[in-house]
Amino acid sequence: MKRFIIVGHKASTSGDFSLNDMPGGAGRMDVLCRCVNSSLFLSHDLRRDVECYLVLQGEPDPPKTILFSGERVRYLNPDERSAGSLIKKALAATCRDEFSESTKGVYVRRGGLDRLLSEFQVALLDENGEDIRTMAELPDAYLLSDHMNFAEEEEALIQDVQKVSVGPKILHADHTITIMLNEMDRRENPSEL
Ligand SMILES: C[S@@+](CC[C@H](N)C(=O)[O-])C[C@H]1O[C@@H](n2cnc3c(N)ncnc32)[C@H](O)[C@@H]1O
């Protein structure tokens, strides 16, 4: 299973936000929606071997984690509003300590980055990391930030994590995911190159 974890530093933890104002009132939820789409969508198909975890750290009830499972998700279309609508439903559902399903293949639970780091061996996607083109093996799970830098307490949690770079420029998180998955695709299907 491939995994992408994206930290939404200001992303709303209430389902009350408007789909018309995801960049503003929802705390850049649009960035997270694009990351869901980059993680899961192929043209006319889904990546069933990918999970996308959104760590929501905005008000009023942080932190919460939403999981989109490529294997099980339904009702997701490749536009931001579609992902946003499933996030709204997840946030309107009862949030427990363990994941519970809000709509098919979408899950929500309490807790944030520290919990995910204890569950998965994660590499940090970072422009100053090791170049994916020269790495013999690629990790399965990756951590990204939204539009903001990681906070000091997050930096402390990830200080010993392997850093991996897709290139020299700072990209948007969703574009970074696309490049990372492309590199994995090429390695899995060398005869199709
Ligand atoms: C828009 S950037 C975050 C803000 C960024 N720290 C800044 O200084 O503006 C979103 C995320 O994409 C990932 N990222 C961006 N460029 C990258 C690159 N060249 N290699 C690996 N990851 C990258 C990182 O995980 C980063 O946290």
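Take Lys104 and decide whether it is basic (Lys, Arg), open to solvent by 40 Å² or more (accessible area, probe 1.4 Å) and more than 15 Å from the ligand (Cβ to nearest atom). Explain how you work it out, then say what you get.
Values: basic (Lys, Arg): yes; open to solvent by 40 Å² or more (accessible area, probe 1.4 Å): yes; more than 15 Å from the ligand (Cβ to nearest atom): yes.
It is true that Lys104 is basic (Lys, Arg), open to solvent by 40 Å² or more (accessible area, probe 1.4 Å) and more than 15 Å from the ligand (Cβ to nearest atom).
Could you check, for the stretch 45-65, whether at least one of its residues is open to solvent by 40 Å² or more (accessible area, probe 1.4 Å) and free of Cβ contacts under 8 Å to residues at least 12 places away in the same chain? If you could, list the steps in order and put the result at the bottom.
Within the stretch 45-65, the first condition is being open to solvent by 40 Å² or more (accessible area, probe 1.4 Å), and the residues that meet it are 45, 48-49, 57, 59-63.
From what is left, the residues that are free of Cβ contacts under 8 Å to residues at least 12 places away in the same chain are 45.
Checking the stretch 45-65: at least one residue is open to solvent by 40 Å² or more (accessible area, probe 1.4 Å) and free of Cβ contacts under 8 Å to residues at least 12 places away in the same chain.
Against the definition (more than 25 Å from Arg48 (Cα to Cα) and of a type in the set (Lys, Arg)), how does Arg96 come out, yes or no? Give the steps one after another, and end with the answer.
Details: more than 25 Å from Arg48 (Cα to Cα): yes; of a type in the set (Lys, Arg): yes.
Here the answer is yes, as Arg96 does meet what is asked.
Looking only at the stretch 154-188, count how many residues are more than 23 Å from Arg115 (Cβ to Cβ) and open to solvent by 60 Å² or more (accessible area, probe 1.4 Å).
12
What number goes with the only condition from (1) open to solvent by 40 Å² or more (accessible area, probe 1.4 Å); (2) hydrophobic (A, V, I, L, M, F, W, C); (3) in contact with an Asp or Glu (Cβ under 8 Å, 6 or more places away or on another chain); (4) more than 28 Å from Pro139 (Cβ to Cβ) that Leu19 does not pass?
For Leu19, the failing item is (3).
Restricting to the stretch 128-148, what's the tally of residues that are of a type in the set (A, V, I, L, M), within 10 Å of the ligand (Cβ to nearest atom) and farther than 30 Å from Ala26 by Cβ?
Filtering the stretch 128-148 down to residues of a type in the set (A, V, I, L, M) leaves 132, 135-136, 138, 141, 143-144, 148.
Keeping just the survivors that are within 10 Å of the ligand (Cβ to nearest atom) gives 132, 143-144, 148.
Still in the running and farther than 30 Å from Ala26 by Cβ: 132.
Residues that pass the stated criteria total 1.
Inside the stretch 1-60, can you point out the residues that are assigned to a loop (DSSP other than H, G, I, E, B) and of a type in the set (Ser, Thr, Tyr)? Steps first, answer last, please.
Filtering the stretch 1-60 for residues assigned to a loop (DSSP other than H, G, I, E, B) gives 1, 9-18, 22-28, 43-44, 47-49, 57-60.
The answer is Ser12, Thr13, Ser14, Ser18, Ser43.
The values are calculated or read from the model by the stated rules, or taken from the named source; none is laboratory data. The structure presented is a predicted model; accordingly, all values stated were derived computationally and were not measured. Virtual Cβ from ideal backbone geometry, glycine too; neighbours counted across all protein chains shown. Surface accessibility is based on the protein's heavy atoms, side chains included, excluding ligands, DNA and RNA. Shrake-Rupley method; radii C 1.70, N 1.55, O 1.52, S 1.80 Å.
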